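Any read-out appearing in this document is the output of simple, stated calculations on the displayed coordinates, not a laboratory observation. Since we're looking at a predicted model, the values are computed, not measured. Backbone-built Cβ (ideal geometry, glycine too); neighbour counts: all protein chains shown.
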């Protein structure tokens, strides 16, 4: 791997080095000091791919959902978006009306703990490479399946 490259924002040089990612999850700063990234030695610009940013956002959301005793709607929205879910898909997965999810996300009241834990579980599944679309598809299948097929392993998601 190339350890240095030109900065895309200035005339500096970006060096592959340890970097602390910080995300604001509904007013709480979540830090991940274990990241590696190209960081410019002149302007400080951090070069990350879209996939890397998505993974960092998922891990920040998982940390907030795991470590906070309760969350508000803004944190649920951040986590849902980090998981790549539409509001209607989260509602389908949790067997809750979409209007209820919308109310949770726009309210300043605490989100039910069961929803917080379920969202954390969905992020863990997503992070481990499970397609959340497969869960959404399963939620729309008719009840009474008599046979299921174990899927082939999928590569770990970025």
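Counting other beta carbons within 10 Å of each Cβ, put 2, 13 in order, fewest first.
2, 13
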Please work out the Cα center distance from region 89-131 to region 13-55, rounded to the nearest Å.
-> 27 Å
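So for 10, 40, fewest C-beta neighbours within 10 Å to most, what's the order? List each step's numbers first, then the result.
Details: 10 14, 40 20.
Starting with the residue having the fewest Cβ neighbours, the order is 10, 40.
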Once you have a ≥ b ≥ c as the square roots of the Cα gyration tensor eigenvalues for the chain, tell me rounded if a/c is under 1.5, and otherwise prolate or oblate according to whether a/b is larger than b/c.
-> oblate
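Could you give the length gained by full extension between residue 147 and residue 95, i.e. 0.36 nm per residue of separation minus their alpha carbon distance, to one decimal place?
Numbers: separation 52, 0.36 × 52 = 18.72 nm, distance 2.28 nm.
Using 0.36 nm per residue and subtracting the Cα-Cα distance, I get 16.4 nm.
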Acute angle (nearest 10 degrees) that the helix 50-67 long axis makes with the longest principal axis of the chain, alpha-carbon atoms = 60 degrees
Taking the mean number of other Cβ atoms within 10 Å as a proxy for protection, how do you rank 83-90, 144-151 from highest to lowest?
-> 83-90, 144-151
Between residue 17 and residue 87, what is the spin-label point distance in nm, taking each point 7 Å from the Cα along the Cα→C-beta axis?
-> 4.3 nm
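Is it possible to state the helix-based mean residue ellipticity at 222 nm for the chain, with each DSSP H run of 4+ residues giving -39500 (n - 2.57), the sum divided by total residues, to the nearest 500 deg cm²/dmol? What is it? If you can, show how the numbers build up before the last one.
On the way: 6 runs with 68 residues, N = 158.
Mean residue ellipticity at 222 nm (helix-derived): -13000 deg cm²/dmol.
What does the C-alpha gyration tensor say about the overall shape of region 83-158? Classify as rounded when a/c is under 1.5, otherwise prolate if a/b is larger than b/c, or oblate.
Numbers: a/c = 2.55, a/b = 1.49, b/c = 1.72.
In terms of gyration-tensor shape, oblate.
Only Cα pairs under 8 Å and at least 6 apart count here; give the relative contact order of region 11-138 as a rounded whole percent.
Numbers: 171 pairs, mean separation 27.2, N = 128.
Relative contact order, region 11-138: 21 percent.
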Stretchable slack from residue 48 to residue 137, in nm (0.36 nm times residue separation minus alpha-carbon distance) | 28.9 nm
